[in-house]
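The values are calculated or read from the model by the stated rules, or taken from the named source; none is laboratory data. Quantities reported herein were computed from a predicted structural model and do not represent experimental measurements. Neighbour counts run over all protein chains shown; Cβ positions are idealised from the backbone, glycine included.
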Amino acid sequence: MIDLSRKYDVLVIGGGNAALCAAISARRDGASVLVLEGAPKFYRGGNTRHTRNMRCAHDAATDILTGPYTEEEFWEDLLRVTGGQTDEELARHMIGESKDILGWIVEQGVRWQPSLGGTLSLGRTNSFFLGGGRAMLNALYLTAEQLGVEVLYDAEVVDLEIADGMFLSATMKRADGRASVSASTLVAAAGGFEANIEWLKQYWGEAAENFLIRGTPYNRGSILKMLLEKGVQEVGDPTQCHAVAIDARAPKFDGGIITRHDSIVFGIVVNRDGKRFYDEGEDLWPKRYAIWGRLVAAQPGQIAYIIFDASSRNSFMPTLFPPIEAPSVADLAAKLKLDPAALVNTVGEFNAAVRPGTFDHTILDDCRTEGLTPPKSHWARRIERAPFYAYPVRPGITFTYLGTRVNKQARMLMKDGKPSANMFAAGEIMAGNVLGKGYAAGIGMTIGSVFGRIAGREAANNARN
Ligand SMILES: Cc1cc2nc3c(=O)[nH]c(=O)nc-3n(C[C@H](O)[C@H](O)[C@H](O)COP(=O)(O)OP(=O)(O)OC[C@H]3O[C@@H](n4cnc5c(N)ncnc54)[C@H](O)[C@@H]3O)c2cc1C
């Protein structure tokens, strides 16, 4: 029975990877810890439930990683995908700490497995959770509970009492009414605002109605909003987010990984006018998959179609929904309700521009178009072998980057630049410190684990003193 009248050392809001890493770390440092998870127990763990892997620096191959991935290479990858929009000091600190996380997370009961194949090309850089994100979470919850961390489900926090940058108490909504809990320190790990369509509409307009949310409906950004309203400094561009192309037939929320399409590099992508709009072969897929949601969001009606032929049908990881199939490009267009002449013309122009090369989707190969705008820089092969296929895609929002600014101790900074007296943040809610834009696969979990562990340790330390 949880005693809400007592004052905890550390209150953690959220129930995903960042929250659990913080809770375990704080408890291991001797703090009393209460976790408030807004979701019911079955849905605990937010977006973390859907994850598969994490990116960590390491100096040598391991049982499951095929070779070294140095801190410098990790940093260069981050620099490239963000176009320099990252806090270098914080990012380098995170990368340095990530080395230790590989072993630390195993000590918390999580198990690794080798990388999945397909177009992922992550065997050297990313460690996969044995059994996926849900198994990873179950291990973290079990460890937390065995250590004495207390967890309340269905405990959505609806108000925070903060005075002069100091957290005092939180109010949560319970089935039997509202309840308040006070603690010496706060760790906010309640995700971004990706599931709050009204908030997304402030920046995207009506287009946001056509977005599909890949993960939990519980990440509505309420904690982020309260913190920003109560004086915490914000970081990041509110329109920047991790957004991928997912099947247009996916549910509005929680469709998860099986609705994501990794087939773009094998074909072309057209909008509802039957026209291409971006280089499908710009870079290796793990460095580019996360831009396609925004690209589709910018197209009329926020819809696009991946078009490919029989030669690619078995080249990528299958998804939940089967492709739409037709004996000719014109028939395919008719099934998609696109103008057949426009699609036939686009495919014809593309085919004519393809130069001969040796196809290899695992490297930046020499199969490319010439004289075509936009070009397809790699993996360009003619679309000519029946049957022809299409996947309709919409923007699938994974998580938003607007967040709370933190320092290397994961301590939130207030609008006047001063560190908060006792408030820390980890995970999506502060991802914008590291991710100004762009994404490289597996960094979401790195941000949550690294800053979660730091936030828990620092919060425990803060509570002691
Ligand atoms: C389909 C999918 C696949 C992904 N795959 C990967 C991957 O393989 N690797 C990777 O690195 N990243 C991946 N990500 C991103 C990754 O899920 C996130 O970066 C990471 O899980 C964030 O962890 P978190 O703890 O910050 O947030 P979450 O795990 O989302 O947890 C946030 C928690 O806060 C709770 N909450 C929200 N508001 C309140 C409130 N007011 N009161 C109380 N609780 C509240 C929610 O219920 C939730 O439990 C994926 C995301 C999705 C959607």
- Message: Going residue by residue through the stretch 33-41, is there one that turns out to be more than 7 Å from the ligand (Cβ to nearest atom), surrounded by 24 or more Cβ atoms within 10 Å (Cβ to Cβ) and of a type in the set (Gly, Ala, Ser)?
- Response: no
- Note on the structure: Selection from the stretch 346-374 of residues exposed (fewer than 15 other Cβ atoms within 10 Å of the Cβ), of a type in the set (S, T, N, Q) and either within 13 Å of ILE307 (Cα to Cα) or modelled with pLDDT under 95 (or both) yields THR362
- Message: Just checking: which of the helices (runs of 4 or more DSSP H) contained wholly in the stretch 200-307 hold 3 or more residues that are touching a helix residue (DSSP H, G or I) at 6+ places or on another chain (Cβ under 7 Å)?
- Response: 292-297
- Within the stretch 65-77, is even one residue out of contact with any His (no Cβ under 7 Å at 6 or more places or on another chain), closer than 24 Å to MET430 by Cβ and small (Gly, Ala, Ser)? no
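If you go through the stretch 204-216 one residue at a time, do you hit one that is of a type in the set (S, T, N, Q), under 30 Å from SER32 (Cα atoms) and in contact (Cβ under 8 Å) with a residue 24 or more places away in the chain? Show your work before the answer.
Residues of the stretch 204-216 that are of a type in the set (S, T, N, Q), as a first pass: 210, 216.
Then keep just the ones that are under 30 Å from SER32 (Cα atoms); that gives 216.
Okay, now just the ones that are also in contact (Cβ under 8 Å) with a residue 24 or more places away in the chain, so 216.
So far as the stretch 204-216 goes, yes, one or more of its residues are of a type in the set (S, T, N, Q), under 30 Å from SER32 (Cα atoms) and in contact (Cβ under 8 Å) with a residue 24 or more places away in the chain.
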- Which one of LEU79, LEU142 is out of contact with any helix residue (DSSP H, G or I) (no Cβ under 8 Å at 6 or more places or on another chain), aliphatic (A, V, I, L, M), more than 16 Å from the ligand (Cβ to nearest atom) and under 26 Å from TRP285 (Cβ atoms)? LEU79
- Query: Mind checking which pairs have a first residue in the stretch 8-37 that is over 17 Å from ASP159 (Cβ atoms) and of a type in the set (Lys, Arg) and a second that is more than 8 Å from the ligand (Cβ to nearest atom) and part of a helix (DSSP H, G or I), Cβ under 9 Å, 6 or more apart or different chains?
  - Reply: ARG27/ALA144; ARG27/LEU147; ARG27/GLY456; ARG27/ALA460; ARG28/LEU147; ARG28/GLY456; ARG28/ARG457; ARG28/ALA460
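Can you go through GLY45, GLY103, GLY148, GLY96 and tell me which one is of a type outside the set (A, V, I, L, M, F, W, C) and buried (at least 18 other Cβ atoms within 10 Å of the Cβ)?
Details: GLY103 fails: buried (at least 18 other Cβ atoms within 10 Å of the Cβ); GLY148 fails: buried (at least 18 other Cβ atoms within 10 Å of the Cβ); GLY96 fails: buried (at least 18 other Cβ atoms within 10 Å of the Cβ).
That would be GLY45, the only listed residue that is of a type outside the set (A, V, I, L, M, F, W, C) and buried (at least 18 other Cβ atoms within 10 Å of the Cβ).
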- Among residues of the stretch 153-168 being more than 9 Å from the ligand (Cβ to nearest atom) and assigned to a strand (DSSP E or B), the residue surrounded by the fewest Cβ atoms within 10 Å (Cβ to Cβ) is ALA163
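Before we move on, is LEU90 away from the ligand (no atom under 14 Å from the Cβ), closer than 21 Å to HIS242 by Cβ and not in a loop (DSSP other than H, G, I, E, B)?
On the way: away from the ligand (no atom under 14 Å from the Cβ): yes; closer than 21 Å to HIS242 by Cβ: yes; not in a loop (DSSP other than H, G, I, E, B): yes.
Here the answer is yes, as LEU90 does meet what is asked.
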